[in-house]
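Working notes, structure below.
The values are calculated or read from the model by the stated rules, or taken from the named source; none is laboratory data. Just so you know, these numbers come straight off a predicted model, no measurement behind them. Quick reminder, even Gly has a Cβ in these numbers, built from the backbone with ideal geometry, and neighbours come from all protein chains shown. Just so you know, the surface numbers come from the protein's heavy atoms only, side chains and all, with ligands and any DNA or RNA stripped out. Shrake-Rupley method; radii C 1.70, N 1.55, O 1.52, S 1.80 Å.
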Amino acid sequence: MISRRSNSKVSEKLVIYRVRVEGSDSFQCAKDDKTLLKHIEDHGIEVHYHCREGYCGACRTKLIQGEVEYITDPLAFIDDDEILPCCCKPTSDIHIKLY
Amino acid sequence: MKYTTFNQESNDTMTEPMFFGNPVNVARYDQQKHPIFEKLIEKQISFFWRPEEVDVSKDRMDFQKLSDAERHIFISNLKYQTLLDSIQGRSPNIAFLPIISIPELETWVETWSFFETIHSRSYTHILRNLFSNPSEIFDDIVVNEEIKKRASDISKYYDDLIFATQLWQTQGEGEHVVDGVTHSINMRQLKKLLYLCMNSVNALEAIRFYVSFACTFAFAERELMEGNSKIIRLIARDENIHLTSTQHVLNLWAKGKDDPEMAEIAAECHEEAKAIFMKAVEQEKEWAKYLFNSGSMLGLNEEILCQYVEYIANHRMAAIGMGQPFDIKSNPLPWMNNYLSSDNVQVAPQETEISSYLVGQIDSEVASDDFEAFEL
Ligand code: FES
Ligand SMILES: [Fe+2]
Ligand SMILES: [Fe+2]
């Protein structure tokens, strides 16, 4: 985890996590409002999705290592070792595999 | 076991299986064996929409501009979708409600079917706008060979389950002769019929709409038939949640989180269930061929549509432990996602296509002076 102090008077901590996508690039993502899905897309990696709201299951992804937190209750079926990137954010460095 | 609409024996729904336990008595949701179904009910109801809220009048002019081949594609898809929703508007209720044993699943099935009836009504809304007399279109649904082929494949699994359930609920287990034919009814067989039926419904919700959806959205990409596209986006959103529900049921069984006998049946019938899915994939591809038999449409052809079906099927099949049988790895129609995502499906009052707005109506009916007579 990398933290740094911003220049503005109100000090903000910028938290960065590393996202490792199996068979593809790794990238760094800042802890912000964006979902994991958005971060993956912003790094030019093709990822399957439909609803972007946690109810269709199209974005189902294997979480090999790390932790995420949900911002919307995931309704689609996922296995114990799977996540829905459209409605979660990483809370640690993570290693994932897209289907 | 005889069906009763209000089982007088007190039973603990927390220990009931989803199907083939005791009939549900009190519709209570304070304790839930599988809370996911109530979450799906809430989500589905939050999607409530009325076909009449979507203005499709501009589509009539667009329709005149379409080539004959494109009209064939557009109308055939509506016919096929009408068939699918005719089946889905009644069958989950008739097949599943008599054998469901937990209230949250019972209410989910009723909610689900209700939304399918909204879909059916929306097709009439679309067709009435395009034709002064749409009855010809509807009449063709029961005589069109291409549609009939699909209808019998879908309704077969429902009908077999419904018939066996009726025999079991009126005569019990054993051998029963109906119209000279002997039927052997036992619980294992009933559960097997249920398992196959659920797989057939899952395949329907998973892929049977997607060739039609792709055509609709391909028209919309050319800014044609946009009222129709708006309705189909609302339908696609509902279908996604229906699919989620059947995936949950299948996975709860397969992972032994419900009736242990259903876990055995899931393992035993794995190949048969997979074959049901593969047949649905084949039929969707044949549908693409039929659609394009009198010419293609801009932006789509049979080959790319078939690739898209395979791409979708890979994901849907993997979600229920059937692996990814097709080679295709990347989405051949990436623009489809713009139409399938919830971000773009807001039925908001400020949008020009919306002629009325349910929630807006309710708000505006309460004027401030309505409250003046109240003394606090
Ligand atoms: S895109 Fe629908 S669950 Fe993630
Ligand atoms: Fe439907
Ligand atoms: Fe449906």
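What to note about this one:
- If R0 is taken as 22 Å, the Cβ-Cβ distance between B:THR15 and B:GLU264 corresponds to a FRET efficiency of 0.70.
- Legend: calculated FRET efficiency, A:ILE71 to B:ARG50, from the Cβ-Cβ distance at R0 = 41 Å, rounded to 0.05, equals 0.85.
- Distance between the C-alpha centres of the range B:55-93 and the range B:235-281: 29 Å, rounded to the whole angstrom.
- Packing-based ranking, highest mean first, of A:85-96, B:174-185 given that Cβ atoms within 10 Å are counted: A:85-96, B:174-185
- Intensity falloff of the protein assembly as shown expressed as log10 I(q)/I(0), Debye formula with alpha-carbon point scatterers, at q = 0.07, 0.08 Å⁻¹: -0.42, -0.55
- Solvent-accessible area of B:LEU193 with every protein chain in place, 1.4 Å probe, in Å² to the nearest 10: 40 Å²
- Whole-Hz ³J(HN,Hα) from phi, Karplus 6.51 cos²θ - 1.76 cosθ + 1.60, for the range B:77-86, glycine and proline x: 4, 4, 5, 5, 5, 4, 4, 4, 6, 4
- Heavy-atom accessible surface of the protein assembly as shown: percent carbon and sulfur, 1.4 Å: 49 percent
- Computed label-point distance, nm, for sites B:GLN31 and A:GLU46 using a 7 Å Cα→Cβ extension: 5.0 nm
- Between the range A:37-55 and the range B:2-38, the alpha-carbon centres lie 38 Å apart.
- Dipole magnitude for the protein assembly as shown: computed about the Cα centre from +1 point charges on Lys and Arg Cβ and -1 point charges on Asp and Glu Cβ, it is near 1180 debye.
- Take each residue of peptide B:1-14, count the partner chain Cβ atoms within 10 Å of its Cβ, and average: the result is 0.
- Couplings for the range B:4-9, taken from phi via the Karplus curve 6.51 cos²θ - 1.76 cosθ + 1.60 with θ = phi - 60°, read 10, 6, 9, 5, 6, 6 Hz in order; Gly and Pro are left as x.
- Those residues of the range B:279-322 for which accessible area with every protein chain present is at least 40 Å² below the isolated value (1.4 Å probe): B:HIS315
- Whole-number percent relative contact order across chain B, with pairs defined as alpha carbons under 8 Å at least 6 apart: 20 percent
- Expected 222 nm ellipticity per residue - DSSP helices of 4 or more, -39500 (n - 2.57), all of chain A, to 500: -2000 deg cm²/dmol
- Across peptide A:56-62, the mean count of Cβ atoms from other chains lying within 10 Å of each residue's own Cβ comes to 5.
- Histogram of C-alpha separations across the range B:195-246, 5 Å bin width, %: 5, 21, 25, 19, 14, 9, 5, 2, 0
- Helix-only CD estimate at 222 nm, as mean residue ellipticity for chain B, using -39500 (n - 2.57) per DSSP H run (n ≥ 4): -20000 deg cm²/dmol
- Projecting the Cα positions of B:TRP253, B:ILE265, A:ILE94 onto the charge dipole of the protein assembly as shown (unit charges on Cβ atoms of Lys, Arg, Asp and Glu, taken about the Cα centre) puts A:ILE94 furthest along the positive direction.
- The residue list B:LEU224, B:TYR290, A:ILE83 was ranked by how far each Cα lies along the charge dipole of the protein assembly as shown toward its positive end, using unit charges on Cβ atoms, and A:ILE83 comes out on top.
- In this structure, the pairs whose alpha-carbon distance is over 29 Å, taken from B:LYS149/B:LYS192; B:LYS148/B:LYS192; B:LYS255/B:LYS289, are B:LYS255/B:LYS289.
- Using θ = phi - 60° and Karplus 6.51 cos²θ - 1.76 cosθ + 1.60, couplings along the range B:91-108 (whole Hz; Gly, Pro as x): 5, x, 4, 6, 7, 9, 4, x, 10, 7, 10, 10, x, 5, 6, 4, 5, 4
- Placed amide H near B:HIS183: partners under 5 Å, 5+ positions off or other chain: B:HIS176, B:VAL177, B:VAL178
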